Structure formats: C-alpha cells, structure tokens
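First the structure, in the form of structure tokens, and then the observations on it.
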Amino acid sequence: MDINYIECFLNAARTLNFSKAARQSYISQSMVSRYIDKLEKELGARLFTRTSKEVRLTDEGRVFLPYANEISESMKKARFAVEQLKGGYTGRIKIAYDAGAGGFAAKCIAAFSKQYPGIAVEMTELHGGADSDEYDCMLLLRDMLPDSMDYMITHSDRLMIASPGRIKDRRRLTDMKDERFILLSEAENPILYMEIMDIFRSARITPEIVSCPDSVSAVMIAVSAGLGITLLPSGVIRPYSAENIEAAELSDIDTTLQYAAAWHKNSANRAAGLFVDIVKQYAEGGEYGY
C-alpha cells in the first residue's frame, strides 16, 4: 500500500474536497482521484461518495480513517528515526577515560548529552591497559594513546604533592627526599607511574615508597590517614581537597602532563564523530595526529 495513497486519503478526508486535498498534497486533482481509486481497489471498498456538490466518507471510509492515521504517523516516526540514525543523533557511544582525564571527560559528556539526548553514553574508567577496539573515544594521558587511533591534545595538567594538613603552596621535591611516598600502582596507570619515577630520577631522589594502592581513592585515604604523601595530577587531587588533604606545586621541576582524545578515523558510528566535535570545542588545542 503506497504511503502517497494514504496521505491523499487523509487530506481528502480532512477537507472533504478533492481540490483542496490536491493543493495540500502538492499534486493535481486528477492525481488525487487516481490515488483514491487505487486505494479503494486495494481495499475492495468505496471510501468516498462523490457528487457534483459534495464529497462524503462512506462507512468503510470512516472505519479506515483511524488506521490510515496510524499508518501515516508510523511512517513519519520511521522516517525520523532513520534520519536521526543517519545523522548520528541516536544510538550509543562508548567512552573510556583515565583518572586524570575524568574532569575533562565529565565536561565533554555533559555538553554532549545536553546537545544529543537521544544518544546513550557508556563510560569506562581505564585501569591499566585497554583494548582500543572496545571504545569509540578514549581520553587519557598522551603517552598512553593507542597507535592505531587518530588523536588531539585536549588539555594539560601538572603533578602536585598531596599531603595531610597545611603545607606551603610551593615545595621543592629535593626537600622531600626523606618523606614516605604512597604512589598509585604501576598496574593501575603505568604511564603515570613512569612519569613520577622519571621525576624522581631527574631530581636524583630514591623515594621511600611505602605503599602502591591500586586506586586513587585508596591512595588518598592512606595520605589522609598520615601514612605518607603522594604525587598525583591536580585534577585527581582536587575532589579530595575538602578533606584534611592539601596540595602544593613543585617549584624545582616541571611536572606538566599532556592529555589527549583518541578516536577511530573511519568509525561507522556517527555518534562518535559528534562527540569528537564536542571534545574539540573544549580542547585547549595543540598537537594533532592523523
């Protein structure tokens, strides 16, 4: 059953005038008559009684009318759904992030969900390595990027000292050679662990590492309990600053970290491209890799 026949029938039923129905359907009056005739033949029933003075729905036409409306509405919904899917406005996107990129990820996801509420977002915090094929977009340290993905630098952060109680705003790492350190485990974030150890080596310090918990929250609980101090990105420390933990910059060494977004260049998921566009709006800019 041709949807054009249905639309012509509905216009004719609403106006009870084939001439007006033709204008609403953007076709000729003779075409309206032809469509109605074909529809009646398919149904095996007369839908209208027509005289030189008026057009009326038959009993069969009145019975068919609500079904015709339902068919028309279903077709409109189907067309809209297909157009939305083609445009990437519905569907699902899987995003992975590491602890240091969590704040930036939250900002991008909030903007994305507001603009595209029909797209479901799955979020995964990375722990150790990750298979890039599992995710549409990854937000993480620049040095953790999979080689197979395109990327752009999104923002930078810096490592800071987190310690219980009040501390100076800036401290020298070389003055803390006798401190006890609690570091996030290498298995949890190997690149971050490597960056921290490189900093110690550049300062010619062999740290006393008393614990390597496998989560940021465990590290901060240990610091809050007075078991030692830690080095973590400021974005990771910030949520804990309201507790008895304060952070300080290092004045004698550069601890800048670069974070990036990575995505699959030829992804079939249109929603992924829309999310990357949002990321680009919030990114600080800088290096791209294609």
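The values are calculated or read from the model by the stated rules, or taken from the named source; none is laboratory data. Bear in mind the structure is a predicted one, so any value in this text is a computation, not a measurement. Note that we place each Cβ from the backbone using ideal geometry, even for glycine, and neighbour counts take in every protein chain shown.
Listed by position, the helices (runs of 4 or more DSSP H) contained in region 160-270 that have at least 3 residues being more than 33 Å from the chain's Cα centre (by Cα) and of a type outside the set (Gly, Ala, Ser) are 190-202. Among the residues of region 46-63, is any within 48 Å of the chain's Cα centre (by Cα) and among the hydrophobic types (A, V, I, L, M, F, W, C)? Yes, because at least one residue in region 46-63 is within 48 Å of the chain's Cα centre (by Cα) and among the hydrophobic types (A, V, I, L, M, F, W, C).
Taking the criterion of being surrounded by 12 or more Cβ atoms within 10 Å (Cβ to Cβ), of a type in the set (Asp, Glu) and free of Cβ contacts under 8 Å to residues at least 12 places away in the same chain, would at least one residue in region 39-57 satisfy it? Yes.
Here Ala162 fulfils each of the conditions (1) small (Gly, Ala, Ser); (2) at pLDDT 90 or above; (3) not assigned by TED's automatic domain parsing to the domain that holds Glu246 apart from (3). Residues in region 106-114 include at least one that is crowded, with 18+ Cβ neighbours inside 10 Å, in the same structural domain as Trp263 (by TED's automatic domain parsing), of a type in the set (Val, Ile, Thr) and farther than 23 Å from Ile182 by Cβ. For the condition closer than 30 Å to Ala272 by Cβ and modelled with pLDDT of 90 or more, Ala45 does not qualify. Scan region 73-106 for residues that are within 9 Å of the chain's Cα centre (by Cα) and at pLDDT below 90 and the total you get is 1. Candidates are the residues of region 273-285 that are within 14 Å of the chain's Cα centre (by Cα) and under 24 Å from Ser156 (Cβ atoms); the one that is surrounded by the most Cβ atoms within 10 Å (Cβ to Cβ) is Phe275.
Yes/no per residue for (1) within 16 Å of Ala247 (Cβ to Cβ); (2) in contact with a Pro (Cβ under 9 Å, 6 or more places away or on another chain); (3) crowded, with 16+ Cβ neighbours inside 10 Å; (4) among the hydroxyl-bearing types (Ser, Thr, Tyr):
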site: Met138; (1), (2), (3), (4): no, yes, yes, no
site: Asp143; (1), (2), (3), (4): no, no, no, no
site: Ile161; (1), (2), (3), (4): yes, no, yes, no
site: Phe181; (1), (2), (3), (4): yes, yes, yes, no
site: Glu186; (1), (2), (3), (4): no, no, yes, no
site: Thr206; (1), (2), (3), (4): no, no, no, yes
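Scanning region 217-246 for residues that are touching a Pro at 6+ places or on another chain (Cβ under 9 Å), modelled with pLDDT under 90 and either among the hydrophobic types (A, V, I, L, M, F, W, C) or under 19 Å from Asp157 (Cβ atoms) (or both) turns up Ile245, Glu246. Of everything in region 247-272 that's among the polar types (S, T, N, Q), more than 20 Å from Leu173 (Cα to Cα) and surrounded by 14 or more Cβ atoms within 10 Å (Cβ to Cβ), which residue is modelled with the highest pLDDT? Here the answer is Gln258. Listed by position, the strands (runs of 3 or more DSSP E) enclosed by region 27-114 that each have at least 1 residues that are among the aromatic types (Phe, Trp, Tyr) are 48-50, 91-97. Scanning region 1-55 for residues that are farther than 20 Å from Lys76 by Cα and among the polar types (S, T, N, Q) turns up Thr15, Asn17, Ser19, Ser28, Gln29, Ser30, Ser33, Thr49, Thr51, Ser52. Scanning region 107-122 turns up no residue that is free of Cβ contacts under 8 Å to residues at least 60 places away in the same chain and more than 17 Å from the chain's Cα centre (by Cα).
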